[in-house]
Structure formats: C-alpha cells, structure tokens
1. Of the residues Ser54, Ser97, Ser108, which exhibits the maximal mean-square fluctuation in a Gaussian network model of the chain defined by a 10 Å Cα contact cut-off?
2. Between Ala29 and Glu93, what is the label-to-label distance in nm when each label sits 7 Å out along the Cα-to-Cβ direction?
3. Using 0.36 nm per residue, how much length does the chain from Arg9 to Tyr140 gain when fully extended, once their Cα-Cα distance is taken away?
4. Let's test the formula: R0 of 41 Å, r as the Cβ-Cβ distance of Ala56 and Val127. What FRET efficiency results, to the nearest 0.05?
5. Filter the DSSP H helices in the chain by two things, a Kyte-Doolittle mean of at least 0.0 and an axial alpha-carbon span of 18 angstrom or more, and list the hits by number.
6. How much length is gained if the chain between Ile118 and Val19 is pulled fully straight, taking 0.36 nm per residue apart and subtracting their Cα-Cα distance, in nm to one decimal?
7. At most 16 other Cβ atoms within 10 Å and a DSSP loop assignment: could you name the trypsin sites (Lys or Arg not before Pro) in segment 47-108 that fit?
8. Below 8 Å, C-alpha to C-alpha, sequence gap of six or more: please give me the relative contact order for the chain in percent.
Amino acid sequence: MVGANVEDRLKPLDESVAVVDAIVKAAEAEGVPFALNARTDAFVRAGHRPVQESIADAIQRGRAFLDAGATAVFVPGILDMNVTRQLVEGIGERKVSVIGLPGALAASEYEKLGVTRISYGPLPQRVALTALQEFAADLYAGGVVPANLPALN
C-alpha cells in the first residue's frame, strides 16, 4: 500500500473535495492500494475565529473528504481533549489524524479518544539535525570525536 497527504489550505470546499476525488480516482485507475490523508487547515489558518467555528469547519471538510474517498482527515494544531473528542465524534472513529507537538496530548490520550494517526512532522528530523550540529561543533572545536558520545541501542 502507498499513501499521500494533500492539504486544503482552506480553499473553497468544492475545490478541495475535487482535488481529493481526483487523487483517489487516479490511484484507483492505477489499481494501487492507496491511503489518502486529507488535511484541513481549519485550525492552523483559523485566525481569530471562535474555536467552535473551526471545529464545525473541520468536521464539514473532513466528512466531505471521506465521502470523496480519503482514508483519514488530518487536522493539525494543538488540540485539547474536548476539541479532539468533538472532531472524532463529528468525523468518525479512527478517521482523525493529528500532529504531536509540544503542548499536545499524549499519544495514549489521542488513542483513547479514537484518533487513528499521530504525525510528528519535522520534529524527529530536528532532533537528529540538532545532534549532528552538536557533534560537528565538538569536532570543529577539538578535532576529535567526543568521549561522551551516546551509544546506539
């Protein structure tokens, strides 16, 4: 199975649904088992609108994306327990995908709420590149591998 993400960037709903539909149909035409995680920016591009409007927008968009063939709906943002519960109830059990960020719920809490997937975005890469940067700084400073280099387990 292969998969992809597609973002709506809060474009008009009919345009966003048409994109999801076209992607799903293209995969079907190729005969490829395919999973599409359709992202809505209902929270990250919400500006100052009330959170209940963002929830309603995410649910409307999420349902439309699922109806067009998406496998899951990615709703990025720091979502508390109440918001996450409403999204899962409105979009569907094991149909909501979230992002793990500082300040977000623990993975076990999202799992209990019925979330299907947690993305950690660029954070693992940032951790790895920070370690590489620190290693390079040590090498440039002393010309040797640091003695306290942690072992891989």
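1. Between Ser54, Ser97, Ser108, it is Ser108 that shows the largest mean-square fluctuation.
2. Placing both labels 7 Å along Cα→Cβ, they lie 3.7 nm apart.
3. 42.9 nm
4. Efficiency, from the Cβ-Cβ distance: 0.70.
5. Numbers: long enough: 13-30 (26 Å, 0.66); 51-67 (24 Å, -0.15); 123-142 (29 Å, 0.43).
Answer set is 13-30, 123-142.
6. On the way: separation 99, 0.36 × 99 = 35.64 nm, distance 2.32 nm.
Computed gain between Ile118 and Val19 is 33.3 nm.
7. Working: sites: Arg61, Arg63, Arg85, Arg94, Lys95; in loops: Arg94, Lys95.
Here the sparse-neighbourhood loop sites are Arg94.
8. Worked out over the chain, it gives 17 percent.
Where a number appears in this text, it was derived from the coordinates with a stated rule and is not lab data. All figures in this text were calculated on a predicted structure; none of them were measured in a lab. Cβ sites come from the backbone with ideal geometry, for glycine too, and all protein chains shown count toward neighbours.
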